[in-house]
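The values are calculated or read from the model by the stated rules, or taken from the named source; none is laboratory data. Being a predicted model, the structure only gives us computed values, none of them experimental. Every residue, glycine among them, receives a Cβ derived from its backbone with ideal geometry; neighbour counts consider all protein chains shown.
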Amino acid sequence: MAGVAVLTGTGLAAPVRISSGSMAPTLLEGDRVLVTRAGTPGRGALVTFSSPADGVLTLKRVVAVAGDRVAIEDAALVVNGRRVAEPYVDAARIDGLYFGPVTVPAGTVFVLGDRRAGSIDSRAYGAIPAARVEGRVLVRLWPPLRPSPAQRPK
């Protein structure tokens, strides 16, 4: 993913083009998002970082933070023993997926792609240091009119 830095009212931000399908259906290959360095990402935030697997700029969702216990049980995300509602994940496409549980180490975040069956993420390379998070997605810039997954009819 490549981007050109622009100055916004919230600080330094950059438009970034999505180069993979690992965040589908939330973000599709070719979509463009505005990423900022402002703020500490919490659960649910979409973040960019250099992938530990290959060093390429990557975008994933933070699903757990330091101290959380995270697992996937029959395709359902479970954090600290509670199932997490994820309207942005197409659960019908990830039936039978299991992972963990693992505890997220101090100073790190656990990230997953929304297309769980087709994402290389913290399940493969572990939690990432929070200091390696380069940015947080503010908004999808393009295409502007596609509804978010939570708004799409089932």
Name the single residue, out of those in segment 23-77 being of a type in the set (Val, Ile, Thr) and assigned to a loop (DSSP other than H, G, I, E, B), that is nearest to Tyr125 (Cα to Cα). Val56
For segment 81-131, give me each residue that is assigned to a helix (DSSP H, G or I) and exposed (fewer than 15 other Cβ atoms within 10 Å of the Cβ). Ala91, Ala92, Arg93, Ala117, Gly118, Ala124, Tyr125, Ala131
Condition check for Gly44: modelled with pLDDT of 90 or more and surrounded by fewer than 16 Cβ atoms within 10 Å (Cβ to Cβ): yes
All-but-one check, Leu57 against (1) surrounded by fewer than 19 Cβ atoms within 10 Å (Cβ to Cβ); (2) over 13 Å from the mean Cα position of the chain (by Cα), failing number (2)
Look through segment 132-154, keep the residues that are closer than 19 Å to Gly42 by Cα, of a type in the set (A, V, I, L, M) and at pLDDT below 90, and return whichever of them is surrounded by the fewest Cβ atoms within 10 Å (Cβ to Cβ). Val139
Kindly indicate whether any position in segment 33-45 is among the hydroxyl-bearing types (Ser, Thr, Tyr) and under 14 Å from Ala130 (Cβ atoms). yes
I'd like to know if segment 78-88 contains one or more residues that are under 21 Å from Ala53 (Cα atoms), touching a strand residue (DSSP E or B) at 6+ places or on another chain (Cβ under 9 Å) and modelled with pLDDT of 90 or more. no
